[in-house]
Ligand SMILES: [Zn+2]
């Protein structure tokens, strides 16, 4: 945990009183803070996460935001316009979600949803399994490449990366510890210094989502090497800057993805030889 308050070291009697007061204040704030922190673990690699906000809080906020986005798209006639494309990608997502649930059983109770947007959306999966993918973005990729993309986005959700990121903000300063979730989101959107401090965690989360995503895709019967192709195709595009902004330049990721692909290859071969669980019924 980051330091909340440093006890002062004073040499006078008055200073000693201040020092004790400082300690009590330190312990008081620490107690307040510790009470609200729970430990979680990332599926697959077991990395420990410090969580301040609950899954339910994140999921409620995500569901409300997702509904607002769907309503706005529907009003503009930009929602699920091509049934064949929606069905094709929904089928791939269903297989990945079935594997995600094996890795994180509580996700079986999430209200998973999948829709296609015909605006400038690329792809994301919000807390609780709310997936939105962009029509133009999807059309560029094969089924296996899409499995890599969906695996990556679904991995962010089951690893609860946004919950961890927002929780990390509250650890930066004692004053942040009592902020509401919405206030933290606003802080993250408006304060560049907060974003910069979170950059190492964001990079770690991206690499983690690559690994977990390849694992999910391979177990769902998709060639794990397709994520490499996905990043290569992405690297050649000059009109998807949003994805690069939030995910980092693809060439920096290729080596890490290549290494994990070697691990996932036997999982892919095994998935082709054995029956897989029934695909999750996704709406
Ligand atoms: Zn990502």
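For the range 227-235, does any single residue satisfy the condition of being assigned to a helix (DSSP H, G or I), within 12 Å of the ligand (Cβ to nearest atom), out of contact with any strand residue (DSSP E or B) (no Cβ under 7 Å at 6 or more places or on another chain) and closer than 18 Å to residue 103 by Cβ? Within the range 227-235, one or more residues are assigned to a helix (DSSP H, G or I), within 12 Å of the ligand (Cβ to nearest atom), out of contact with any strand residue (DSSP E or B) (no Cβ under 7 Å at 6 or more places or on another chain) and closer than 18 Å to residue 103 by Cβ. Checked against (1) in a loop (DSSP other than H, G, I, E, B); (2) free of Cβ contacts under 8 Å to residues at least 40 places away in the same chain; (3) touching a helix residue (DSSP H, G or I) at 6+ places or on another chain (Cβ under 6 Å), residue 53 passes all but condition (2). Looking only at the range 177-192, which residues are farther than 18 Å from residue 60 by Cβ and in contact with a helix residue (DSSP H, G or I) (Cβ under 7 Å, 6 or more places away or on another chain)? Scanning the range 177-192 gives 177, 187. Take the conditions (1) at pLDDT below 65; (2) surrounded by 11 or more Cβ atoms within 10 Å (Cβ to Cβ); (3) more than 15 Å from residue 210 (Cβ to Cβ); residue 239 misses just one of them, which is (2). The residue that is farthest from residue 270 (Cα to Cα), counting only those in the range 193-222 that are out of contact with any helix residue (DSSP H, G or I) (no Cβ under 8 Å at 6 or more places or on another chain) and more than 16 Å from the ligand (Cβ to nearest atom), is 193.
Would it be correct to say that residue 88 is more than 15 Å from the chain's Cα centre (by Cα), farther than 28 Å from residue 44 by Cα, assigned to a helix (DSSP H, G or I) and more than 16 Å from the ligand (Cβ to nearest atom)? Judged against the criteria, residue 88 is not a match.
Residues in the range 96-113: is at least one in contact (Cβ under 8 Å) with a residue 24 or more places away in the chain, part of a strand (DSSP E or B) and either closer than 17 Å to residue 163 by Cα or within 19 Å of the chain's Cα centre (by Cα) (or both)? Taking every residue of the range 96-113 in turn, at least one turns out to be in contact (Cβ under 8 Å) with a residue 24 or more places away in the chain, part of a strand (DSSP E or B) and either closer than 17 Å to residue 163 by Cα or within 19 Å of the chain's Cα centre (by Cα) (or both). For the range 166-176, the set of residues classified as touching a helix residue (DSSP H, G or I) at 6+ places or on another chain (Cβ under 7 Å) and surrounded by fewer than 18 Cβ atoms within 10 Å (Cβ to Cβ) consists of 172, 176, listed by residue number. When you scan the range 118-129, do you find a residue that is on the phi > 0 side of the Ramachandran plot, outside any helix (DSSP H, G or I) and crowded, with 23+ Cβ neighbours inside 10 Å, even just one? Yes: the range 118-129 contains one or more residues that are on the phi > 0 side of the Ramachandran plot, outside any helix (DSSP H, G or I) and crowded, with 23+ Cβ neighbours inside 10 Å. The residues in the range 177-214 that are surrounded by fewer than 13 Cβ atoms within 10 Å (Cβ to Cβ) and over 26 Å from residue 263 (Cβ atoms) can be counted, and the count is 10.
Please determine, by comparing only the residues of the range 141-165 that are more than 20 Å from residue 44 (Cβ to Cβ) and within 16 Å of the ligand (Cβ to nearest atom), which one is surrounded by the fewest Cβ atoms within 10 Å (Cβ to Cβ). By that ranking, first place goes to 141.
The values are calculated or read from the model by the stated rules, or taken from the named source; none is laboratory data. All values reported here derive from a predicted model rather than from experimental measurement. Positions of Cβ are generated from backbone atoms using ideal geometry, with glycine treated the same way; all protein chains shown enter the neighbour counts.
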